[in-house]
């Protein structure tokens with residue numbers, strides 16, 4: 001499914017994509033197109049891209065980078081979300097918080113015990 005979504009091939013392209021979007025949230029999936037978890041996530045991303053296009057844009061970057069969002073070590077999604085609505089809810093929550101200038105938003109669902117590493 002990764003062929004349905006735009007790819008960013010360099011750090012400069014990622015920066016430009018983020019800077020170009022003043023109103024919409026930029027969702028970036030870091031990983032490899034051949035990785036099973038990324039393939040699962042790409043299916044969800046491709047299926048919701050049209051639904052969320054008014055407030056979010058999705059890009060794929062084939063390099064894994066861990067992102068700290070400010071809540072310690074358990075603040076990133078590094079597993080595949082299989083439920084479309086669950087992903088849409090997360091994107092909407094982040095979008096609303098970002099529009100209000102919040103640097104941290106509360107996820108619509110508690111993942112603290114669902115995914116343990």
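Residues 2, 10, 47 in ascending order of nearby Cβ atoms (within 10 Å, fewest first): 10, 47, 2. With R₀ set to 25 Å, the beta-carbon distance separating residue 50 from residue 100 gives a calculated FRET efficiency near 0.45. Full extension of the chain between residue 28 and residue 93 gives 21.8 nm of extra length, using 0.36 nm per residue less the Cα-Cα distance. A crude spin-label estimate for the pair residue 83 and residue 16, with each label 7 Å from Cα along the Cβ direction, gives 3.8 nm.
No lab work stands behind these numbers, since they all come straight from the coordinates. What you see is a predicted model, and the numbers here were worked out from it, not measured in a lab. Cβ: placed from backbone, ideal geometry, glycine included. Neighbour counts: every protein chain shown.
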